[in-house]
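Read through the structure below, which is laid out as structure tokens, and then see the notes.
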Amino acid sequence: MRRHTRTFLSAFAAALVLTLGASGVNAQHVDTPMFDGAWEVTLNSQMGEMTMAFELESDGQAISGVAVSPAGEAVVEGAQDGHDLAFTMFIDQPDHQVELEFTGIMDGDTAEGSVHIMGETFDWSAKRADAR
């Protein structure tokens, strides 16, 4: 009797681990919001706040789109890994191009992080413009 009980409990425990493990993977994928659609992004620099409108698409982990700011339009390209974000954009100036390297964390309809611009680091935040 003890042997059958141990065998049953072992089989039950294995099935439970497999079920919870599989559902955890699926739940994580379903629960992870994507950094796509329309976003209002605010950059805080020594020159004050700059607000940009992002229109983004995601394809798997890849992020791409356009940012519109007072400095003009810029292409946005990067990646999302779960809630972690990393993307780059280039702003054309009359005599050079400025690279902005963003990293951050997404939390539902908001995101925040840091941006590296010409050797300096600043904070940025974003909120989904078309909140779902």
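Looking at ASP95, ASP107, ASP59, ASP81, which is the one that is within 19 Å of ALA129 (Cα to Cα) and out of contact with any strand residue (DSSP E or B) (no Cβ under 7 Å at 6 or more places or on another chain)?
Within the list ASP95, ASP107, ASP59, ASP81, the selection yields ASP107.
Checking each residue in region 97-109 for being surrounded by 13 or more Cβ atoms within 10 Å (Cβ to Cβ) and either within 11 Å of PHE35 (Cβ to Cβ) or outside the structural domain of ALA67 (by TED's automatic domain parsing) (or both) picks out PHE102, GLY104, MET106, ASP109. Within region 110-128, how many residues are within 19 Å of GLU57 (Cα to Cα) and at pLDDT below 95? Qualifying residue count for the region: 0. Scanning region 69-81 for residues that are at pLDDT below 95 and over 16 Å from ILE117 (Cα atoms) turns up PRO70, GLY72, GLU73.
Restricting ASP107, ASP123 to those that are of a type in the set (Asp, Glu) and touching a Gly at 6+ places or on another chain (Cβ under 9 Å) reduces the list to ASP123.
The values are calculated or read from the model by the stated rules, or taken from the named source; none is laboratory data. Just so it is clear, the structure is predicted and the values come from calculations on it, not from any experiment. All Cβ positions, even for glycine, are placed from backbone atoms using ideal geometry, and neighbour counts span all protein chains on display.
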